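Okay, so here's the structure we're looking at.
We did not get these values from a lab; they are worked out from the coordinates using the rules stated. Small disclaimer: the values here were computed from a predicted structure and weren't measured. Cβ placement follows ideal geometry from the backbone for every residue including glycine, while neighbour counts extend to all protein chains displayed.
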Amino acid sequence: MELELKEMLHDLETLRKALPDHPSNQTLINKLQSHVEHVCSLAKSVPVRRSKVKDMSAEVVDSNPYSRLMALQRMGIVENYERIREFSVAIVGIGGVGSVAAEMLTRCGIGRLLLYDYDKVELANMNRLFFRPEQCGMTKTDAAVQTLADINPDVVLESYTLNITTVQGFNTFMSSLKNKAFRSNKDSGGVDLVLSCVDNYEARMVVNQACNELGQTWMESGVSENAVSGHIQLLIPGETACFACAPPLVVASGVDERTLKREGVCAASLPTTMGVVAGLLVQNTLKFLLKFGHVSPYLGYNALKDFFPTMEMKPNPQCSNAACLERQKEYILAKPARDAAAKAKMEAESLSAAEFPLHADNEWNISVVDDSEADKSDAKSSDFLPEGLMRELPTADDFQKPPVSEPTVSSNDDLDELRKQLEALNAA
Ligand SMILES: [Zn+2]
C-alpha cells in the first residue's frame, strides 16, 4: 500500500506541472497531496503481521519468536519442545480465564486452538485481561481470533460461535472434538486436551458429558463468584473423578456450585485471580502435553490466605453419569495390561541404569569429605561474628545436647497414654 501511495504523490506532482498555473488548480492539488500524506502516515502505524515460521529454531537472535521457549530444552526442563506444534487444545468459554489461557498457549506456539463461546465482548469485561475496548460488540471468538492471529500466525485457530448447552451446539461441539483433519495419523481423538473455562454449572456438566462419552481427557477451571478463590482439576474419564462424581467446589469449600451462579446477582471478578487460575491451568496443560514435572490432579487457590490445596479424587462407583460408569469399567478391565507395561518399563530402566553407571568418570575431581571433620571446622568459623551482629539462632551444638532433666519415657507408655485419651474422646 505504501508503494501505491508514493506513486499517487508522484502522479499529483506530474499533474501540477501539466495543468495551467492557476491558483485554484494549485490549491486543489495541495489538498490532495496532504490527504495522501495523511493516509501514508496511517498506513505506517498499522502493525505488520510477522510471517509464519516453518521450523522452531533454538537460535538465540532477537528476531526468533521461539528462542526463549526452545531454551527450555537446552536447560533440560523439556525433552522436545517443538512437539507442542503437534497438539490441539479446545478451550470452552473465552472469558476471563479462557481468553488468557488462549493467549498463553498461542504465545507458547501450540499447534491448533479450538475456541468456543457464544457471548459478545462488553465494556463490563474490561476489568479482566485480553479483550480491548474497541472490540466491544464483536463475538468473543472473533475478537480472540483477531488478537491471537496477530500475536502468532503459526497457530491454527478454529472459532465456534455457539452455545454448547443447546442440542445443535452440543452436536457441533462433539463433531469438532472428533475431527482428525489436523493430524490424520493420530490414533487417539481429534484433540489432545479440552480446557473448560466456563462460568456455570450447566455448561460444566455438558463438557463433562462430552468428554465422558469420547473418553477425552480434560481440565476444569473455575473462579468463585466473590473473585477470591479458584481451582483447576485434571479429569481422565474412568481414571479420576468426573465432574458429576464430585463437583470440585463442593469438595474444596463445602459450597454447592449450583448455588454459585445466581440469577440477578452480579458476580465479582478480578484480573489477578483470573490471571493466576489461567496461569495454573496452562502450566498444568504444558506439563501434561510436553511430559515434564508433576501434573496436578486438583489444585485450589485461596487468594485471601494464599493457600493452594491439592488432592486426588477417585471416580465414584455410584456416579450418576452413565458414560462415566462405562469408562470406569474399561479402566478396571485394562488394569492387567497397564501393570504389565509399567513392569516392562521399570525393568528397561533398571537395565539401562546398570549398563551406564552414574558418575563413571569424575571430570571435576569431586571427592567426599568426612562429615565430622567438616562440622568441626564449621563450628570454629561460625563462632566468630562481626561487631554489632547478634546470634538469633542457637549454635548447632545446642541442638545436639540431650535433654538432661526430662525423665525418659518408653514409647509403649506414650502410645498407651494416647490410646486412653482417644478412647476418652470417643466416649464423650
Ligand atoms: Zn463420574
### Query
Spin-label point model (7 Å from Cα, Cβ direction): what's the ILE29 to HIS294 distance in nm?
7.8 nm
#### Entry: Cα lying deepest toward the dipole's positive end in segment 2-45, options LEU42, THR27, MET8, charges on Cβ
THR27
## Note on the structure
Hits in segment 111-139: amide N under 11 Å from the 7 Å Cα→Cβ extension of ALA181, namely none
### Query
Based on Cβ point charges of +1 for Lys and Arg and -1 for Asp and Glu, what charge dipole magnitude is obtained for segment 2-45 about its Cα centre, in debye rounded to the nearest 20?
120 debye
### Query
Based on the alpha-carbon gyration tensor of segment 2-45 and its eigenvalue square roots a ≥ b ≥ c, which shape applies: rounded if a/c is under 1.5, prolate if not and a/b is larger than b/c, or oblate?
oblate
### Query
Pairs LYS44/LYS178; LYS54/LYS314; LYS291/LYS314: which exceed 32 Å Cα-Cα?
LYS44/LYS178; LYS54/LYS314
#### Entry: Nearest-0.05 FRET efficiency for LYS54 and LYS305, computed from C-beta distance (R0 45 Å)
0.40
### FRET efficiency, 1/(1 + (r/R0)^6) with R0 22 Å, evaluated for ALA267 and GLU202 via beta carbons
0.90
### Query
How do 311-322, 91-102 rank on mean C-beta neighbours within 10 Å, highest first?
91-102, 311-322
### Query
Going by average Cβ neighbours within 10 Å, how do the peptides 82-89, 282-289 rank, with the highest at the top?
282-289, 82-89
### Query
Which percentage, to the nearest 5, of the DSSP beta bridges contained in segment 67-335 is antiparallel?
45 percent
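Mind ranking 124-134, 54-64 by how tightly packed they are, going by the mean number of other C-beta atoms within 10 angstrom, highest first?
Details: 124-134: 15.7, 54-64: 10.7.
By packing density, highest mean first, the sequence is 124-134, 54-64.
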### Message
Rounded, prolate or oblate for segment 67-335? Axes are the square roots of the Cα gyration tensor eigenvalues, ordered a ≥ b ≥ c, and the cut-off for rounded is a/c under 1.5.
### Response
rounded
### Message
Which of the three applies to segment 100-244, rounded, prolate or oblate, going by the alpha-carbon gyration tensor with a ≥ b ≥ c and a/c under 1.5 meaning rounded?
### Response
oblate
